[in-house]
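Here is the structure we will look at, set down as structure tokens.
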């Protein structure tokens, strides 16, 4: 499912226009992004948690030249951890 299909689905399930559904989805995405930028997490009980995890600096290999060792700098990665209810629904 892509963004346009998700907007259509949200509009159908919530009796909103596609324009309103798109505005709601964009607002949700923007809110999650801003919260993660601050280093905080977003918890949606039953659905899951969006959070930022620190990745340590590490050594890697250059795929074009496997003998060459490269340094991969530390970074932050956004992650999503599914909630119990979502896991149960998917595993039905």
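Throughout, read-outs are computed from the coordinates displayed, never taken from laboratory work. Just so it is clear, the model here is predicted, and its values are computed rather than measured. Neighbour counts are summed over all protein chains in view; Cβ atoms, including those assigned to glycine, are modelled from backbone coordinates with ideal geometry.
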Can you tell me how many residues in the stretch 28-55 are over 24 Å from residue 3 (Cβ atoms), touching a strand residue (DSSP E or B) at 6+ places or on another chain (Cβ under 9 Å) and in contact (Cβ under 8 Å) with a residue 12 or more places away in the chain? 4
Given (1) more than 14 Å from the chain's Cα centre (by Cα); (2) assigned to a strand (DSSP E or B), index of the condition residue 76 fails: (1)
Residues that are in a strand (DSSP E or B) and within 13 Å of the chain's Cα centre (by Cα): does the stretch 8-29 have at least one? no
Residue 14 vs. criteria in contact with a helix residue (DSSP H, G or I) (Cβ under 8 Å, 6 or more places away or on another chain) and exposed (fewer than 12 other Cβ atoms within 10 Å of the Cβ): yes
